[in-house]
Amino acid sequence: MYQNARQSITFTEALKKLERYCAYQERCHKEVEDKLKTMKLIPEAREKIILHLLEHNFLNEERFAQNFARGKFRIKKWGKQRILRELNYRGISKYNIKTALKEIPEEDYLETFHDLAERKYATIRNLDKHKKRKKLTDYLLYRGWETHLVFEKVGELIQ
């Protein structure tokens, strides 16, 4: 039978659900708060759950930011600008963002950037030099690489 209204959830059920939610993968405060809002709990219960998660180390914003930065850099090949933008969107503090960006070794960062730029350049089939330049620049900027790096590399690859 189809129910229009959701059944209410008890505090302990919500607590256990959120413990599993945070144990499954690192979460930021914003994700946990959004999840709690969907459970339609009263504000006091939401606060108690967040405090419990913080006290028992299920929720740790610094750890989240560091894992996020490392993961997005290594797996998605994002630049620092994109990572910074995404962490800001998630409400992470400036201090934690700074700490997270230190997780990316400078040597690996530049090596990944050059490798990514050269691979993308090799896939651009357009013959027009200006269109190639625009495509490569847009691609690298969208991925969050710094403008000075992008323009330097594009100038190097496209004469």
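Checked against (1) of a type in the set (A, V, I, L, M); (2) surrounded by fewer than 19 Cβ atoms within 10 Å (Cβ to Cβ); (3) within 30 Å of Y142 (Cβ to Cβ), L54 meets all criteria but (3).
Screening the range 125-141 for residues that are hydrophobic (A, V, I, L, M, F, W, C) and at pLDDT 90 or above and picking the one that is farthest from I158 (Cα to Cα) gives L141.
Could we say that A117 is part of a helix (DSSP H, G or I), small (G, A, S) and touching a helix residue (DSSP H, G or I) at 6+ places or on another chain (Cβ under 8 Å) here?
Working: part of a helix (DSSP H, G or I): yes; small (G, A, S): yes; touching a helix residue (DSSP H, G or I) at 6+ places or on another chain (Cβ under 8 Å): yes.
Yes, satisfied.
Taking the range 1-107 as the region of interest, the helices (runs of 4 or more DSSP H) fully inside it that hold 3 or more residues being without any contact (Cβ under 8 Å) to a residue 40 or more places away in the chain and farther than 30 Å from K120 by Cβ are 11-24, 29-38, 43-55, 61-74, 94-101.
If I go through the range 86-127 residue by residue, how many of them are over 18 Å from Q66 (Cβ atoms), of a type in the set (A, V, I, L, M) and surrounded by 12 or more Cβ atoms within 10 Å (Cβ to Cβ)? Can you show your working first?
So the first thing to find is which residues in the range 86-127 are over 18 Å from Q66 (Cβ atoms), and the list is 107, 110-111, 113-127.
Remaining after also requiring of a type in the set (A, V, I, L, M): 110, 116-117, 122, 124, 127.
Retained after the next criterion (residues that are surrounded by 12 or more Cβ atoms within 10 Å (Cβ to Cβ)): 116-117, 124.
Residues in the range 86-127 being over 18 Å from Q66 (Cβ atoms), of a type in the set (A, V, I, L, M) and surrounded by 12 or more Cβ atoms within 10 Å (Cβ to Cβ): 3 in total.
Could you say whether any residue in the range 134-144 is touching a helix residue (DSSP H, G or I) at 6+ places or on another chain (Cβ under 7 Å), within 26 Å of Q25 (Cα to Cα), of a type outside the set (A, V, I, L, M) and buried (at least 17 other Cβ atoms within 10 Å of the Cβ)? Spell out the reasoning first.
Narrowing the range 134-144 to residues touching a helix residue (DSSP H, G or I) at 6+ places or on another chain (Cβ under 7 Å): 136-137, 139-141, 143-144.
In the following step, the residues that additionally are within 26 Å of Q25 (Cα to Cα) were identified as 143-144.
Restricting the remaining residues to those that are of a type outside the set (A, V, I, L, M) gives 143-144.
Checking which are buried (at least 17 other Cβ atoms within 10 Å of the Cβ) leaves us with 143-144.
For the range 134-144, residues touching a helix residue (DSSP H, G or I) at 6+ places or on another chain (Cβ under 7 Å), within 26 Å of Q25 (Cα to Cα), of a type outside the set (A, V, I, L, M) and buried (at least 17 other Cβ atoms within 10 Å of the Cβ): present.
The values are calculated or read from the model by the stated rules, or taken from the named source; none is laboratory data. Here the structure is a predicted model, which is why all the values come from computation and not from measurement. A quick note on method: Cβ atoms are made from the backbone with ideal geometry, for glycine too, and the neighbour counts reach across all protein chains shown.
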